[in-house]
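Here's the structure we're looking at; comments come further down.
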Amino acid sequence: MTTVFTHLESPLGLLLLSGVDAEDGFALTAVTAPRQKGALTEPADGWTHDPQPLAPAVEQLTAYFAGELTEFDLRLAPVGTDFRQRIWSALDDIPYGKTVTYGELGAAAGQSPRAVRAVGGAVGANPLLIVRPCHRVMGANGALTGFAAGVDAKRWLLAHESGTTLF
């Protein structure tokens, strides 16, 4: 299986997008930002630069940053445990411009309230930054808690979606 990549200049810096051919067609596997904790910010050895299959993701992210898109429609194939996959899937249900707490996200994914730290770990390991909106998850008291790409990036994304600069 060949992994392809391209880059996209964004308000968060140069994003790295990667994807693979899946059973039912091409799928996006990762979107990462500069200095993102725990993620590749440069292509791995053996990856092939090929913007063509990633063009839909580039177009949709560009439209998102321009304020013209509020929901992504891309085939996704992130790699993670079953638990992480459930949490990441629950991220898809957080509406544009809204936020939830880690506890609320865990409950939506069928997890015990005691699993909030594990939920936080899964959110922090989300390989599809922006596309799977982990930036919409807040601390129990509404605080801007950790974000793999940095709290400033989270603040920018939330302000972008709400049309304010209050975050």
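The values are calculated or read from the model by the stated rules, or taken from the named source; none is laboratory data. Computed from a prediction, not measured in an experiment: that's the story for all the values here. Note that each Cβ is placed from the backbone with ideal geometry, even for glycine, and that neighbours are counted across all protein chains shown. Side chains included, ligands, DNA and RNA excluded: accessible areas come from the protein's heavy atoms. Shrake-Rupley method; radii C 1.70, N 1.55, O 1.52, S 1.80 Å.
A few points about this structure:
- Once the Cα-Cα distance is subtracted from the 0.36 nm per residue extended length, the residue 81 to residue 2 segment shows a gain of 26.3 nm.
- Between the beta carbons of residue 98 and residue 52, assuming R0 = 35 Å, the FRET efficiency works out to 0.55 to the nearest 0.05.
- Our estimate of slack between residue 159 and residue 112, defined as 0.36 nm per intervening residue step minus the Cα-Cα distance, is 13.9 nm.
- When a 1.4 Å probe is rolled over the protein heavy atoms, the share of accessible surface on the chain that falls to carbon and sulfur comes to 51 percent.
- About the Cα centre, charge dipole magnitude for the chain (Lys/Arg +1, Asp/Glu -1 at Cβ), debye: 860
- Kirkwood hydrodynamic radius of the chain, Cα pairs, Å: 16.2
- Model label points for residue 37 and residue 143, set 7 angstrom from Cα along the Cα-to-Cβ axis, are 1.4 nm apart.
- Relative to the longest principal axis of the Cα atoms of the chain, helix 51-65 runs at roughly 30 degrees.
- With R₀ fixed at 25 Å, the C-beta to C-beta distance from residue 24 to residue 68 puts the FRET efficiency at about 0.35.
- Theoretical ellipticity at 222 nm over the chain - DSSP helices of four or more residues, -39500 (n - 2.57) apiece, nearest 500: -9500 deg cm²/dmol
- Note on region 1-72: dipole from Cβ charges, positive end direction compared against 54, 18, 2; the farthest Cα belongs to 18.
- Accessible area per residue for the chain is 52 Å², calculated with a 1.4 Å probe on protein heavy atoms, without ligands, DNA or RNA.
- Using alpha carbons only: equivalent-ellipsoid semi-axes of region 23-118, gyration tensor based, whole Å: 26, 18, 14
- Pair residue 45, residue 14: separation of 7 Å Cα→Cβ label points (nm): 2.1
- One Cα centroid belongs to region 59-73, the other to region 111-167; the line between them spans 18 Å.
- When the chain is described by a simple charge dipole with +1 on each Lys and Arg Cβ and -1 on each Asp and Glu Cβ, the residue from 39, 27, 115 located farthest towards its positive end is 115.
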